[in-house]
Amino acid sequence: MLDPDIPEERREQIAAEARTRIESGGSLKQDTAWGMRKLAYEIEQRTEADYRYFRFDTDGGLLDDLNHNLRIADGVLRFRIFKVDPRSPAIAPPAAMSAATPARSSRRPQTAPDREEAAEPAAEPESAQEDEAPTEEPPEESDQPAPEQDSEADEESQ
């Protein structure tokens, strides 16, 4: 991910240097410029970056060299090197965001309530108070003996 605030020529130069290093120490399989994309979170106070994608085969030596050079290069916001299965399919970039297409937001737009709605407090309907279930009163004691179930349980416990 390259810094969008640096000139286009410098971003192309960084990508060309990475491409040259990959080709000198390995075999470049795919080189794709994904373009400007919105970041999931800010990196160095940037909200978008110029994405570049390289897929290559190599032995171990190139990885350390590439890692070192991308880490110290001005204009590189973030980079990742992944080991993938050579039989896995190549990644196609997701659709780019354009200036005409608004970004999706997970938040709903917040609107102020109308003045009439704000002036009227939300009152609880009177019928809701009447619909409440009456509280149960304790059963009245009677002179009748307890049901047979209870007496059988008492006999088993003795």
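Values in this text are rule-based calculations from the coordinates and carry no lab data. Owing to the predicted nature of the structure, the values given are computational and were not obtained by experimental measurement. Cβ: placed from backbone, ideal geometry, glycine included. Neighbour counts: every protein chain shown.
Numerical summary
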read-out: Residues satisfying the stated conditions in region 1-33, i.e. among the β-branched types (Val, Ile, Thr) and exposed (fewer than 15 other Cβ atoms within 10 Å of the Cβ); value: 20, 32
read-out: Any pair with Cβ under 6 angstrom, 6 or more apart, that starts in region 44-68 at a residue that is without any contact (Cβ under 8 Å) to a residue 40 or more places away in the chain and ends at one that is of a type in the set (S, T, N, Q) and part of a strand (DSSP E or B); value: 55/30; 57/27
read-out: Unmet criterion (only one of (1) of a type outside the set (Lys, Arg); (2) touching a helix residue (DSSP H, G or I) at 6+ places or on another chain (Cβ under 6 Å); (3) part of a helix (DSSP H, G or I)) for residue 50; value: (3)
read-out: Subset of region 1-28 [part of a loop (DSSP other than H, G, I, E, B) and over 18 Å from residue 82 (Cβ atoms)]; value: 3, 4, 5, 6, 7
read-out: Unmet requirement for residue 42, which otherwise passes all of (1) loosely packed, with under 14 Cβ neighbours inside 10 Å; (2) under 16 Å from residue 79 (Cβ atoms); value: (2)
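Okay, residues lined up against (1) over 19 Å from residue 8 (Cα atoms); (2) in a loop (DSSP other than H, G, I, E, B); (3) aliphatic (A, V, I, L, M):
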{"position": "30", "(1), (2), (3)": "yes, no, no"}
{"position": "34", "(1), (2), (3)": "no, no, no"}
{"position": "54", "(1), (2), (3)": "no, no, no"}
{"position": "65", "(1), (2), (3)": "yes, no, no"}
{"position": "74", "(1), (2), (3)": "no, yes, no"}
{"position": "94", "(1), (2), (3)": "yes, yes, no"}
